[in-house]
Amino acid sequence: MVSDVLEARLESVLPSLSRVGAVVKFDLGSDGAPILDARTTSAALVTETDVPPDCTIKITQDNLLKLLDG
């Protein structure tokens with residue numbers, strides 16, 4: 001399951017992720033797979049999407065947090 005910390009961090013950076021213009025799945029292994037839908041100007045985290053992801057990134061929760069923090 002995606003940690004509350006990671007979910008909050010992803011939510012906080014959604015405005016800057018809007019420019020991605022794609023659907024990105026973060027494969028966190030047994031910790032879940034949050035999906036970023038940034039096809040429109042207001043990016044959102046979703047549990048499902050009507051299209052397959054444009055990109056799937058396999059990463060641990062800890063490394064995704066580090067990536068988001070720069």
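The values are calculated or read from the model by the stated rules, or taken from the named source; none is laboratory data. Treat the numbers as computed from the prediction; the structure is a model and nothing was measured. When we count neighbours, we look across all protein chains shown, and the Cβ atoms used for this are built from the backbone with ideal geometry, even at glycine. Just so you know, the surface numbers come from the protein's heavy atoms only, side chains and all, with ligands and any DNA or RNA stripped out. Shrake-Rupley method; radii C 1.70, N 1.55, O 1.52, S 1.80 Å.
Dipole size of the chain about its Cα centre, with +1 on Lys/Arg Cβ and -1 on Asp/Glu Cβ: approximately 260 debye, rounded to the nearest 20. With all protein chains kept in place, the per residue accessible area of the chain amounts to 64 square angstrom at a probe of 1.4 angstrom. Pairs of Cα atoms nearer than 8 Å and 6+ residues apart set the relative contact order; for the chain it is 35 percent.
With each run of n ≥ 4 DSSP H residues scored as -39500 (n - 2.57), what mean residue ellipticity at 222 nm is computed for the chain after dividing by its residue count and rounding to the nearest 500 deg cm²/dmol? Here the helix-only value at 222 nm equals -10000 deg cm²/dmol. With the simple spin-label model, which puts each label point 7 Å out from Cα in the Cβ direction, the residue 9 to residue 49 separation comes to 2.1 nm. In a fully extended conformation the segment linking residue 30 and residue 42 would gain 1.5 nm over its present Cα-Cα distance, using 0.36 nm per residue.
The modelled label-to-label distance between residue 56 and residue 16, using points 7 Å beyond Cα along the C-beta direction, is 2.8 nm.
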